[in-house]
1. How large a share of the accessible area of segment 3-107, in percent, is made up of carbon and sulfur atoms when the probe is 1.4 Å and the other protein chains stay in place?
2. Filter K120/K149; K89/K113; K113/K144 down to the pairs with a C-alpha to C-alpha distance above 25 Å, please.
3. When 1/r is averaged over all different Cα pairs and the result inverted, which Kirkwood radius in Å belongs to the chain?
4. Counting only chymotrypsin sites (Phe, Trp or Tyr not before Pro) that sit in a DSSP loop (anything but H, G, I, E, B) with at most 14 other Cβ atoms within 10 Å, what is the longest stretch of the chain containing none of them?
5. When the dipole is taken about the Cα centre of the chain, and only Lys, Arg (+1) and Asp, Glu (-1) are charged at their Cβ, what size is it in debye, to the nearest 20?
6. Ignoring everything except DSSP H segments at least 4 long, calculate the 222 nm mean residue ellipticity for the chain; use -39,500 (n - 2.57) per segment, divide by total residues, nearest 500.
7. If amide hydrogens are placed 1.01 Å from N in the peptide plane, which non-local residues have theirs closer than 5 Å to the one on G37?
8. Report, by chain and number, residues whose modeled amide H sits under 5 Å from the one on H44, excluding near sequence neighbours (fewer than 5 apart, same chain).
Amino acid sequence: MTEAELQKLVEAIAVKYFNQPFRHQVKINYRMTTTGGRYRLKDHQIEINAHFLIPQYRHELIGIIKHELTHYFLHLSGRGYRHRDQDFKQLLNQVGGSRFAPDIGLSKKQQRKYLYSCQKCGQEYRRVRQINVRRYSCGKCGGKLKLVKKLVH
Ligand SMILES: [Zn+2]
Ligand SMILES: [Zn+2]
């Protein structure tokens with residue numbers, strides 16, 4: 001699905017479920033891992049996690065879009081747009097949006113992107129973030145760590 005197609009889909013859902021037009025932009029976010037989407041308060045853009053843009057996740061995608069549109073319309077109309085607000089809970093329920101990012105197994109697969117190995121004993125370590133190999137050493141033997149590769153999901 002292209003960004004233009006996603007834009008059309010969001011606009012259609014806005015009219016169908018909220019009876020209001022969506023007048024801002026939708027962006028595809030390729031770096032999102034565990035969240036399905038995001039509504040940006042500063043420019044009213046909606047970002048959607050690229051992983052949900054395949055036919056298999058159509059149902060989840062619509063739930064995410066409804067969730068972000070709930071933030072969007074409440075924020076623009078000056079009502080309670082945060083998760084804990086009653087307005088938010090009510091409207092989300094009404095349109096049938098998803099409460100949480102649907103679990104499609106992204107969190108486990110994606111988080112540990114960096115693979116390190118000990119130069120002395122060969123022990124491997126996977127880390128979410130890059131680490132400073134001059135400051136951290138192998139937990140087993142104290143040897144020096146080396147970045148083997150950065151895994152791209
Ligand atoms: Zn939210
Ligand atoms: Zn070691």
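1. On segment 3-107, the fraction of accessible area on carbon and sulfur atoms equals 49 percent.
2. K89/K113
3. Over the chain, the inverse of the mean reciprocal pair distance is 17.6 Å.
4. The reported range is 31-99.
5. Details: 30 positive and 11 negative charges, 257 e Å.
Its charge dipole is roughly 1240 debye.
6. Values: 4 runs with 51 residues, N = 153.
Counting only the DSSP helices, I get -10500 deg cm²/dmol.
7. When sequence neighbours closer than 5 places are left aside, the close amide H contacts are N49.
8. none
The values are calculated or read from the model by the stated rules, or taken from the named source; none is laboratory data. Since we're looking at a predicted model, the values are computed, not measured. A quick note on method: Cβ atoms are made from the backbone with ideal geometry, for glycine too, and the neighbour counts reach across all protein chains shown. Protein only, heavy atoms only, side chains kept; ligands, DNA and RNA dropped before computing areas. Shrake-Rupley method; radii C 1.70, N 1.55, O 1.52, S 1.80 Å.
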